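K.L.:
Quick one: structure below, then a few questions.
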Amino acid sequence: MDMIARTLPIRCDCGHIRGHADLRDHQARRAVCYCRDCRMFAHVLKRADAILDRHGGTEVVQMSQGRLRFEAGHERLACMRLTANGLLRWYAGCCHTAIGNIPANRHLPYLGLIHTCIDHRTAGHSPESLLGPIDCRVNAHDPELRRMYVDAHERIPARTLIRMAARALGWRLHGDHLHSPFFDPDCGAPITKPRILGADERAALAASIRA
Ligand SMILES: [Zn+2]
Ligand SMILES: [Zn+2]
């Protein structure tokens, strides 16, 4: 893959937030997560149609936080947690474009960059041509999905977890956590205080997803 094509332009729908993901010499992989929390996040943002595929999956690029840079609108990033211990789920405060999910522990600089913030029109490439085929589909609890896709797994397979952990550890050793756009480099806290979803909000969402 050529070097230029491995830089993904990032843009929220309204254009206030702009940046890029530098994936040159980086082991980034495409994955789809069908879990309930990822679906819930899409619904909280009221962007389910844009974010979720027809089976309720969220496509992400698994990469290091240290490879993501914002050139504009950094201060407009907003963060949500579906539960007090949940992932930090980032989105554009201006227009609710989903940006990505990260662990709350900044020492694991893993990022699941959500496909909706990748500006493929500017890049002039399809996700396939940029990053290859989907590497794995996880949390596919519906047996129909596993019949449809040979690479769909009911949970996250152990070998995938181990591989992801090894990559995240490598990025940590490389110091990528110090270059994350999501954490204040001085105090180590998230750049904006995550909003934790209330129990009633969560229950209402769960009901609407079931419907
Ligand atoms: Zn925006
Ligand atoms: Zn998920």
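The values are calculated or read from the model by the stated rules, or taken from the named source; none is laboratory data. Just so you know, these numbers come straight off a predicted model, no measurement behind them. Heads up, the Cβs are rebuilt from the backbone with ideal geometry, glycines too, and the neighbour counts pull from every protein chain shown. Ligands, DNA and RNA are stripped out before the accessible areas are found, and what is left, the full protein with its side chains, is counted by its heavy atoms. Shrake-Rupley method; radii C 1.70, N 1.55, O 1.52, S 1.80 Å.
K.L.:
I'd like the residue in segment 46-74 that is part of a loop (DSSP other than H, G, I, E, B), closer than 15 Å to A98 by Cβ and among the charged types (D, E, K, R) and, out of all such residues, is nearest to ligand 2 (Cβ to nearest atom).
P.N.:
Filtering segment 46-74 for residues that are part of a loop (DSSP other than H, G, I, E, B), closer than 15 Å to A98 by Cβ and among the charged types (D, E, K, R), the one nearest to ligand 2 (Cβ to nearest atom) comes out as D53.
K.L.:
Run L161 past the list (1) under 19 Å from the mean Cα position of the chain (by Cα); (2) open to solvent by less than 80 Å² (accessible area, probe 1.4 Å) and report the number of the one that doesn't hold.
P.N.:
(2)
K.L.:
Further question on the same structure: Could you please let me know if R36 is at pLDDT below 95, touching a Pro at 6+ places or on another chain (Cβ under 8 Å) and under 26 Å from E154 (Cβ atoms)? Let's see the steps before the verdict.
P.N.:
Details: at pLDDT below 95: yes; touching a Pro at 6+ places or on another chain (Cβ under 8 Å): no; under 26 Å from E154 (Cβ atoms): yes.
In short, no.
K.L.:
Looking at P185, is it in contact with a strand residue (DSSP E or B) (Cβ under 7 Å, 6 or more places away or on another chain) and not β-branched (V, I, T)? Spell out how you get there, then give the answer.
P.N.:
On the way: in contact with a strand residue (DSSP E or B) (Cβ under 7 Å, 6 or more places away or on another chain): no; not β-branched (V, I, T): yes.
No; evaluated as a whole, the condition is false for this residue.
K.L.:
Give me the residue from segment 75-107 that is part of a loop (DSSP other than H, G, I, E, B) and either among the basic types (K, R) or within 16 Å of ligand 2 (Cβ to nearest atom) (or both) and, out of that set, surrounded by the fewest Cβ atoms within 10 Å (Cβ to Cβ).
P.N.:
The initial filter retains those residues of segment 75-107 that are part of a loop (DSSP other than H, G, I, E, B), namely 82-87, 93-97, 103-107.
If we keep only those that are either among the basic types (K, R) or within 16 Å of ligand 2 (Cβ to nearest atom) (or both) as well, we get 82-83, 85-87, 103-104, 106.
Working: L82: 19, T83: 11, N85: 8, G86: 18, L87: 21, P103: 16, A104: 13, R106: 20.
Out of the qualifying residues, it is N85.
K.L.:
Specify the residue that is surrounded by the fewest Cβ atoms within 10 Å (Cβ to Cβ); the eligible residues are those in segment 109-127 that are in contact (Cβ under 8 Å) with a residue 24 or more places away in the chain and touching a His at 6+ places or on another chain (Cβ under 8 Å). Break it down stepwise before answering.
P.N.:
Residues of segment 109-127 that are in contact (Cβ under 8 Å) with a residue 24 or more places away in the chain, as a first pass: 109-119, 122-123, 125, 127.
From what is left, the residues that are touching a His at 6+ places or on another chain (Cβ under 8 Å) are 109, 127.
Details: P109: 28, P127: 17.
My answer is P127.
K.L.:
Could you please find all residues in segment 164-183 being open to solvent by 40 Å² or more (accessible area, probe 1.4 Å) and in a loop (DSSP other than H, G, I, E, B)?
P.N.:
Passing the criteria: only H174.
K.L.:
Go through (1) open to solvent by 50 Å² or more (accessible area, probe 1.4 Å); (2) away from ligand 2 (no atom under 16 Å from the Cβ) one by one and return the number of the condition H43 breaks.
P.N.:
(2)
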